[in-house]
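*Asks:* Before I ask anything, here is the structure I am working with.
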Amino acid sequence: MSAERLRGDGLFPPGAYDRDDEEPDDRFYTMPRKVVHIDDGAIAALGRLYAEVLPAGGRLLDLMSSWRSHLPPGAREVIGLGLNAEEMVDNPQLAKSIVHDVNRDPRLPFADGEFDGAMCAVSIQYVTHPLRLFRELQRVLRPGAPFVVSFSNRCFPTKAVAVWLGSTDPQHRLLVRSYFEAAGGWTDVKDEERLVYGNGDPLYAVWGRRA
């Protein structure tokens, strides 16, 4: 069976991981987009979450990385994995960056147990092979290491998968939680609404630890 037919890894019916724009993702991200996809309040809330969950030191993987990682200050080695080299070069928190399309190849180019933590900010809605990707994260993390997935109510709709576009924000939390649970190898899975009150962007997060 082809990789295309394995989209979603069987978690949902065929078509759930189709997208309006099926052009290869590396073409869509050829031009750098040096913008933040959540507002200042949500960025601050994300930084607080990272300070609570991610280890203060060690080696971290910024999955589907861009020009900002929103990590709190601190000594750590951060490796970025994303689609636009120029964006990642401009990220002051990255020690190293690697261009890699996780939809084309969900296998991550790292050794087993290489990282002390990982995060994926406002990008999970574009992932077409979530279970394989979450199993890869489980492989490259050390036992007990956290993986934090955050998202808001924004996206590039032509690149977001159908199941995401057809779901509400509370359902998005359940969807991402189901990725952790169905992939296996995760423990202590939590999901929260880190609401920014007023007219700002909401921030939602789901995270778990490598068993």
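The values are calculated or read from the model by the stated rules, or taken from the named source; none is laboratory data. Because the structure is predicted, anything quoted here is derived from the model rather than measured. All Cβ positions, even for glycine, are placed from backbone atoms using ideal geometry, and neighbour counts span all protein chains on display. Heavy atoms of the whole protein, side chains included, go into the accessibility calculation; ligands, DNA and RNA do not. Shrake-Rupley method; radii C 1.70, N 1.55, O 1.52, S 1.80 Å.
*Asks:* So, residue 178, is that one among the hydroxyl-bearing types (Ser, Thr, Tyr), more than 18 Å from residue 195 (Cα to Cα) and either in a loop (DSSP other than H, G, I, E, B) or touching a Pro at 6+ places or on another chain (Cβ under 6 Å) (or both) or not?
*Replies:* no
*Asks:* Further, regarding this structure: Test of understanding: among 200, 208, which residue is part of a strand (DSSP E or B) and touching an Asp or Glu at 6+ places or on another chain (Cβ under 7 Å)?
*Replies:* 208
*Asks:* Restricting to segment 168-180, what's the tally of residues that are of a type outside the set (A, V, I, L, M), out of contact with any Phe, Trp or Tyr (no Cβ under 7 Å at 6 or more places or on another chain) and surrounded by 15 or more Cβ atoms within 10 Å (Cβ to Cβ)?
*Replies:* Here the count works out to 2.
*Asks:* Within segment 109-125, restricting attention to residues that are more than 9 Å from the chain's Cα centre (by Cα) and not aliphatic (A, V, I, L, M), which residue is most open to solvent (accessible area, probe 1.4 Å)?
*Replies:* The residue in question is 112.
*Asks:* In the set 143, 92, 106, which member is open to solvent by 40 Å² or more (accessible area, probe 1.4 Å), under 21 Å from residue 177 (Cα atoms) and of a type outside the set (Lys, Arg)?
*Replies:* Among 143, 92, 106, only 143 is open to solvent by 40 Å² or more (accessible area, probe 1.4 Å), under 21 Å from residue 177 (Cα atoms) and of a type outside the set (Lys, Arg).
*Asks:* Being hydroxyl-bearing (Ser, Thr, Tyr) and modelled with pLDDT under 75 is the filter here; which residues of segment 1-41 pass it?
*Replies:* Within segment 1-41, 2, 29, 30 qualify.
*Asks:* Same structure again: Somewhere in segment 47-62, is a residue of a type in the set (Asp, Glu) and either part of a helix (DSSP H, G or I) or within 11 Å of the chain's Cα centre (by Cα) (or both)?
*Replies:* yes
*Asks:* Is it the case, given these coordinates, that residue 163 is touching a residue at least 24 places away in the same chain (Cβ under 8 Å), open to solvent by 10 Å² or more (accessible area, probe 1.4 Å) and of a type outside the set (S, T, N, Q)?
*Replies:* yes
*Asks:* Restricting to segment 168-203, name every residue that is at pLDDT 95 or above and under 24 Å from residue 28 (Cβ atoms).
*Replies:* Passing the criteria: 172, 175, 176, 179.
*Asks:* Shifting gears a bit: Scanning for something in contact (Cβ under 8 Å) with a residue 24 or more places away in the chain, surrounded by 15 or more Cβ atoms within 10 Å (Cβ to Cβ) and within 15 Å of the chain's Cα centre (by Cα), does segment 184-198 turn up at least one residue?
*Replies:* no
*Asks:* I'm checking my understanding of the structure. Among residues of segment 71-82 that are open to solvent by 10 Å² or more (accessible area, probe 1.4 Å) and at pLDDT 95 or above, which one is farthest from the chain's Cα centre (by Cα)?
*Replies:* 77
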